[in-house]
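The values are calculated or read from the model by the stated rules, or taken from the named source; none is laboratory data. Small disclaimer: the values here were computed from a predicted structure and weren't measured. As a convention, Cβ positions derive from the backbone with ideal geometry for all residues, glycine included, and neighbour counts pool all protein chains shown.
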Amino acid sequence: MRKLLCVLLLLPVVSACTWVKMAPGAKEIRVARADQDLSACTKRGEVSVSVKDRLGPYERNDLRVRDELETLARNEAPSLGADTVQPKNQPTEGEQRFLAFRCGRVDLAPATPSTRPAAEGEAETYPIAD
């Protein structure tokens, strides 16, 4: 009984940890948004990655799971000769697919913003130039 209680108390602490580390060369890999136009790039392949999205009955933080999936995709990109990854779909049960591209020095243009005026009570956003 005492061991079970210790395990239950430590589970949230352990699940908050990030186990996925950035591999050498992965920091240089760019991550494009799903709606970003990469037609000027050369497709190098697809990457399928997965992490645990739950530990027993405890569901892990969605943002942390997404971050780990992105890191894994970036870790795999250099082996495909890619310098950019783009999510192909949304994460499902700790799994996600990414497209890998070789873009070189191509400036990845942002997606065109919506020209729809903000409705009453909605926030309006503007892109920030780098």
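What the table below lists for this structure:
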| quantity | calculated |
| --- | --- |
| Selection within region 49-70 - under 22 Å from Val85 (Cβ atoms) and in contact with a helix residue (DSSP H, G or I) (Cβ under 9 Å, 6 or more places away or on another chain) | Val49, Ser50, Val51, Lys52, Asp53, Arg60, Asn61, Arg64 |
| So Thr18, is it within 17 Å of the chain's Cα centre (by Cα) and at pLDDT below 90 | yes |
| Counted residues, region 51-91 - those being crowded, with 16+ Cβ neighbours inside 10 Å and not in a helix (DSSP H, G or I) | 10 |
